[in-house]
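*Asks:* Below is one structure. I have some questions about it.
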Amino acid sequence: MSGGSCEFCASPGGPVLWQNDLCRVVRVDEPDYPGFVRVILKRHAREMGDLSAEEREALMAVVFAVEAAVRETMQPDKMNLASLGNMTPHVHWHVVPRFADDRHFPNPIWAAPKRERGPSNAERERRAANLAAAIASRLA
């Protein structure tokens, strides 16, 4: 799978906030979840076990640095990290700041919503606008 047959091989997967030779960090366009980002491996691999030990270690260092940057910037109640790949079988990690008043909390964001869309996320969107700088600072 590569090129046009894999979404993350064919496109960045969202606006790129940071990247190196191994992976990129992209903003996820999900209005209910400002600050939701993905860490996407740049080459095609379906599973974490397909990566060398060095690649796994380097990728997880990025995931943990991104998690720290999102926590610091967004100030969530909880952080969710997930590597599923059922819909897009390409190694990537979801880094999702969660808030007690978000539509799905405490369930996963992929579950049925527990509540209606709340008031504007203006403050969270303002914070999310600072993520690229926060991530770059953590990964410098």
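*Asks:* Find how many whole Å separate the alpha carbon centroid of segment 86-139 from the alpha carbon centroid of segment 19-56.
*Replies:* If you average the Cα positions of each part, the centres end up 15 Å apart.
*Asks:* What net charge do the residues around Leu51 carry, taking every other residue with its C-beta under 15 Å from that of Leu51, with Lys and Arg at +1 and Asp and Glu at -1?
*Replies:* So the surrounding residues net to -2.
*Asks:* In debye to the nearest 20, how big a dipole does the chain give about its Cα centre with +1 on each Lys and Arg Cβ and -1 on each Asp and Glu Cβ?
*Replies:* I would put it at about 220 debye.
*Asks:* Now, a different point. Restricting to Cα pairs below 8 Å that are 6+ residues apart, what does the relative contact order work out to for the chain? Please round to a whole percent.
*Replies:* RCO, the chain: 25 percent.
*Asks:* Okay, next question. Can you give the helix-only mean residue ellipticity at 222 nm for the chain, where every DSSP H stretch with n ≥ 4 adds -39500 (n - 2.57) and the sum goes over all residues, rounded to the nearest 500 deg cm²/dmol?
*Replies:* -9000 deg cm²/dmol
*Asks:* So what's the angle, to the nearest 10 degrees on a 0 to 90 scale, between helix 53-74 and the longest Cα principal axis of the chain?
*Replies:* 20
*Asks:* Could you pull out every Cys in the chain that lacks a partner Cys with its beta carbon under 4.7 Å away?
*Replies:* Within the chain, the cysteines lacking a partner Cβ under 4.7 Å are Cys23.
*Asks:* Between Trp93, Trp110, Trp18, which gets the highest mean-square fluctuation from a Gaussian network model of the chain, Cα cutoff 10 Å?
*Replies:* Trp110
Only the coordinates and a few stated rules stand behind these numbers; no lab work does. Fair warning: this is a prediction, and the values are worked out from it, not measured in the lab. Here the Cβ is made from the backbone with ideal geometry for all residues, glycine too, and neighbour counts use every protein chain on show.
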